[in-house]
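Comments concern the structure below.
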């Protein structure tokens with residue numbers, strides 16, 4: 001993912017992505033409150049007090065010059081900063097917790113839709129109805145959801161259709177508000193062809209907690225070519241360019257009531 005480093009927010013976001021850090025990590029490392037970090041990433045803080053520049057630079061293992069002007073620090077400077085702050089690689093827990101609101105919403109959905117089978121026969125019947133995975137953010141600050149072999153939940157369709165290719169992404173932030181709000185689910189299908197202006201789940205190759213992973217973002221498709229893909233978030237309105245070879249897939253978000261059997265035909 002390429003971030004626009006012409007702004008303070010973009011430079012902070014780029015450095016967070018490089019280090020695999022969340023908003024909570026930055027708040028803890030720099031002794032900031034959560035609102036300060038959130039406002040910073042939303043572009044609400046164009047400049048900072050000198051002391052905050054210093055704390056933020058140490059939290060991001062970079063220099064004040066990079067934060068203020070975008071001047072890239074040398075490896076020697078970064079090594080010196082790591083030594084000064086006593087930096088050690090951080091490893092997130094295997095199961096990061098959802099925010100209370102998102103967890104409550106997903107629990108309610110799961111209770112309503114999830115398979116309640118208690119025997120082998122009931123499990124087989126539920127699989128015939130069609131089960132599909134729900135993926136969540138895993139602590140990311142930018143609204144991305146981690147696509148893993150073991151999703152947050154499996155939901156069960158109440159009708160007998162083939163659900164192969166259908167999945168859901170739990171919305172964890174306000175980057176797509178008011179279209180999608182935190183705690184809601186966006187449903188995508190791997191066979192649903194996306195066109196410009198469609199809302200999509202774009203699967204991007206990235207890193208999380210120092211390992212390779214696939215990250216799903218719910219965005220609006222702006223342009224797609226053989227070399228790049230451009231998508232847009234709503235709040236604030238920002239377009240992001242991805243190199244084509246960094247994309248694992250682009251799947252259209254399906255609408256409520258859309259016949260699943262006919263998707264991709």
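The values are calculated or read from the model by the stated rules, or taken from the named source; none is laboratory data. Nothing here was measured: the structure is a model prediction, and the numbers come from that model. Here the Cβ is made from the backbone with ideal geometry for all residues, glycine too, and neighbour counts use every protein chain on show.
Structure notes:
- Within the set 89, 93, the sole residue that is outside any helix (DSSP H, G or I), at pLDDT below 85, exposed (fewer than 13 other Cβ atoms within 10 Å of the Cβ) and within 18 Å of the chain's Cα centre (by Cα) turns out to be 93.
- Those helices (runs of 4 or more DSSP H) of the range 15-76 in which 1 or more residues are at pLDDT below 85 and not assigned by TED's automatic domain parsing to the domain that holds residue 207 occupy 23-30, 34-41, 50-59.
- Among the criteria (1) under 12 Å from residue 252 (Cβ atoms); (2) within 15 Å of the chain's Cα centre (by Cα), the one residue 235 does not fulfil is (1).
- Screening the range 188-203 for residues that are surrounded by fewer than 21 Cβ atoms within 10 Å (Cβ to Cβ) and touching a residue at least 60 places away in the same chain (Cβ under 8 Å) and picking the one that is nearest to residue 172 (Cα to Cα) gives 190.
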